[in-house]
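As C-alpha cells, the structure follows; a few thoughts come after it.
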Amino acid sequence: MLRELSLTNFALIDELRVEFGSGLNVLTGETGAGKSIIIDALGLALGTRGEAEQIRTGAEGATVEAAFDLQGDEPRRLLSESGIECPSDEFLCVRRLLLREGKSKAYLNGRLSSAAWLRDLGELLVEVHGQHQGVALTQPSRQRLLLDAYAGLTGDVAAFRGLYSRRQALRSELDALSAGEREKAQRLDQLQYQRGEIAAARLADGEEEELIQERTILMHAERLHAAAHLGYEGLYGEQGSVAGRLALIVSKLREAQRIDPRLKDVVEACETAIASVEDAAAQLRDYRESVAFDPERLEQVEGRLHEIGKLKRKYGGSIAEILACATSAEEELQRLIGSEERGQEVERELATLDEALAQQAAALTARRKAAAERLAAAVRQELQTLRMEKADFAVQVRTRPGSDGSCLLAYGADEVEFLIAPNPGEELKPLGRIASGGELSRVMLAIKAILAASDQVPTLVFDEVDVGIGGGMAAVIGQKLWAIAKERQVLSITHLPQIAALADRHLSIVKRLNGARTEIAVQVLEGEERVREIARMLGAKERTGISLNHAQEILETASRWKAARVSGASA
C-alpha cells in the first residue's frame, strides 16, 4: 500500500509531500491544477521512462520518493531474489532521480537499482487505470492472471510453475548430458580447474570480514598504540594519574568519615571508582602491548584479501557464494562423470513429470473454463449497473495444441482473452481492439469490483475514469470505487462530486502563484473546507448558501450510504 509520495523539482512542484491512507483516496481540483502530475510522479517512481521536460524550470534534476507498506509475498520474494531486505515493520522506500541530461537513477531502500527492475516490482505494487492507461487490462497475460485469481487458482498455478521449472531444468540437464564428448571433456576440465582453484584457497566463512577488520587495525596500529599509552599513563602510570589522585582523595575522605559517618557511601563510591580505573588501566596496558605496527603481517593480509577479491570476481560476490559455486561445480562434475547413468535417471524423472504436468494442466483448463463462464456472467451483470446494459462480454479460454507436452507453458496449456461487443449485433472481439477509453474504464471497473477480494495488487489508481459520466451514473461509479477500496487501497482522480463525497481521504490539488513562479500544493480536506470543494465541483461559481447546502446534502447522502453498507456487512 502506498503510504507517502514526496516530490522535489518535479514539473511545477518545488517541494511536495503527500500522505495516503487505506480505503478510497480521492484527488480533486480545478482542471489543470496538477492532479495528473501526482500520478505521473508515482509512475516515475515505479520505473516509467522519465523526460527532461518533467524537471522544474531552473533545476538540475528532479527527485520522486515513494514509501510502500508491503503486502503479500510476491514483492518480498522479488526483493529477496535481488538481495534487498525489507523488514515487516519498515516501509519500502523507492527513490527515482531524474537528471537534466536525460539520465536517471533508481534506488530501493538506498540500494542502486534499474528502471526495468523497478517496473517489474511496480507491477506488483500499483496498477494504474485511466482513459489512456488501461493497457494492462487489454493484455492476455494480465487477463489470465485475473481469471486465475477469480477462480482461486493462484496457488495451483504456482505449484504447476514449480513442476514446470523442474522439468525445464531436467531438460537442460539432459541436453548437457547428451552433448558431444568434446564439449563434455572441455566442461570437465573447466569444472576441475574451478574446483581446484577454490579448494587451494582454503576459504572460510567470515574470513574476509575478519581480515578487513585486522587490516584496519594494522593500518592504524601506531595511532591505537599511542591512544592506549596515553590512556594508561593518565589513568595509572604517570605521577598525578587519575588513580593516584583518587587514592589521595579517598585517604582524606576516610579521615573525614571518622568525624562524620555520613561520608561512608561517598568513600565506598570513590573506592569503587579506583578499582574501575585500575581495571581499565590494566586493560589499556595489555592492549598497548598487543598492538604493534607489523608491515609484514599487513602485506600478508592485503595479499589474502586480493586473492579473495580475484575469486569473488570470478565465482561470486562473497565467500559464501564462492563456496556455493565450488559445491555446484563438484555436483556438476560428478554428474558428468556418471553422465550415462544420470541420463537414464533424468529421462525417467522427465517421463513422470510430463505425466503429472499433463494431468495438472488438464485440471487447470477445466477449472479456468468453468470460472470463465462465471466471470463473464458476473461482468455482464456489473456492466448493466454501469449503463452498458446491451453489451456482451465473454472470457475465451483456448488450449494450446500438442499432446507431447510442447503445448505447456509455465502457467499451463491455456491462453485467456477477454472479448466484448459493446453494442447489439456486433461480433465479440478482443477487449483492446474494440473498447473505447470510456468503455474500457467501465469494463475494468466491473472486473475490479468482482475481483477486489482476490486481486493481488494492493494499490489501484483510477485516473479520471469518470470522464463523460454524470448524474446517477456518477454515484454508481463512486459506489463501485468505494466497494473496491474496502479490499484494496484506491487512489482516484475525479471531477465528480458524487465520487469525491464517498472518499475516506479527500485531497485537494491547488495551483497558485508564488511571486513569478507557479506552484502546486496539496491539502487534506475536512469539515467546511470539504463542503466548499464539493460545492465548487458542482459548478457553483460562488459559494452561496444554496450551493453549500447542496454540497452538504451530497456529503450526508454519501455518509448514510456508506454507513448502511458497513452496517449490512457486519450484520
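The values are calculated or read from the model by the stated rules, or taken from the named source; none is laboratory data. In this text, all values refer to a predicted model and were calculated from it rather than measured experimentally. With ideal geometry, Cβ positions are generated from the backbone for all residues, glycine too; neighbour counts draw on all protein chains shown. Surface accessibility is based on the protein's heavy atoms, side chains included, excluding ligands, DNA and RNA. Shrake-Rupley method; radii C 1.70, N 1.55, O 1.52, S 1.80 Å.
With the full set of protein chains in place, find how many percent of the accessible area of segment 199-346 is carbon and sulfur; take the probe as 1.4 Å. Present the calculation step by step, with values, prior to reporting the outcome.
Numbers: 5080 of 9720 Å².
On segment 199-346, the fraction of accessible area on carbon and sulfur atoms equals 52 percent.
Backbone amide hydrogens, once placed in the peptide plane, bring Val128 within less than 5 Å of Val461, excluding anything fewer than 5 places away on its chain.
Per atom type, segment 509-551 shows carbon and sulfur on 47% of its accessible surface, probed at 1.4 Å. Accessible area ranking (1.4 Å probe, heavy atoms, ligands and nucleic acids excluded), largest first, for Leu235, Leu5: Leu235, Leu5.
Work out the P(r) tail for segment 178-256: percent of alpha carbon pairs separated by more than 19 Å, whole number. Of the Cα pairs, 71 percent sit more than 19 Å apart.
Inter-label distance, Glu389 to Ser80: 5.2 nm, where each label sits 7 Å from its Cα along the C-beta direction.
R0 = 22 Å: FRET efficiency of Trp117 with Glu60, Cβ-based, nearest 0.05?
Calculated value: 0.30.
Here's the list of lysines a cross-link from Lys252 could span, going by alpha-carbon distance under 20 Å and ignoring same-chain residues fewer than 8 apart: Lys264. Accessible surface computed residue by residue for the chain, with neighbouring protein chains in place and a 1.4 Å probe, gives 52 Å² per residue.
Placing R0 at 22 angstrom, the Cβ-Cβ distance between Asp354 and Gln334 gives a FRET efficiency of 0.30 after rounding to 0.05.
At full extension, Glu209 and Thr557 could sit 118.8 nm farther apart than now, given 0.36 nm per residue minus the alpha carbon distance.
Which value in nm describes the separation of the simple spin-label points at Thr272 and Thr216, placed 7 Å from the Cα toward the beta carbon? Between Thr272 and Thr216, the simple spin-label model gives 3.3 nm. Of all beta bridges that DSSP places with both ends in the chain, some 75 percent have antiparallel geometry. Roughly speaking, what is the centre-to-centre gap between segment 289-363 and segment 39-63 when only Cα atoms are used, to the nearest Å? Here the two parts' Cα centres lie 42 Å apart.
Here each label is just a point 7 Å from Cα along the line to Cβ, and for Glu302 and Lys429 those points are 7.3 nm apart.
When the P(r) is computed for the chain, the part past 48 Å accounts for 40% of the Cα-Cα pairs.
The accessible area of Leu336, taken with all protein chains in place and a 1.4 Å probe, comes to roughly 20 Å².
Straight-distance candidates among the aspartates and glutamates for linking to Lys486, with alpha-carbon spacing under 18 Å and chain neighbours fewer than 8 residues away dropped: Asp69, Glu127, Glu382, Asp455, Asp504. Suppose we look only past 18 Å in the calculated P(r) of segment 370-431. What percent of the Cα-Cα pairs does that tail hold? Across segment 370-431, Cα pairs with separations above 18 Å total 45 percent. Legend: helices of the chain (whole DSSP H runs) are marked when their alpha-carbon atoms reach 20 angstrom or more along the helix axis and their mean Kyte-Doolittle hydropathy is at least 0.5; marked are 319-337, 437-451, 471-485. Here is the link list: Lys390/Lys511; Lys103/Lys448; Lys105/Lys314. Which ones come out longer than 30 Å on Cα distance? Long pairs (Cα-Cα over 30 Å): Lys390/Lys511; Lys103/Lys448.
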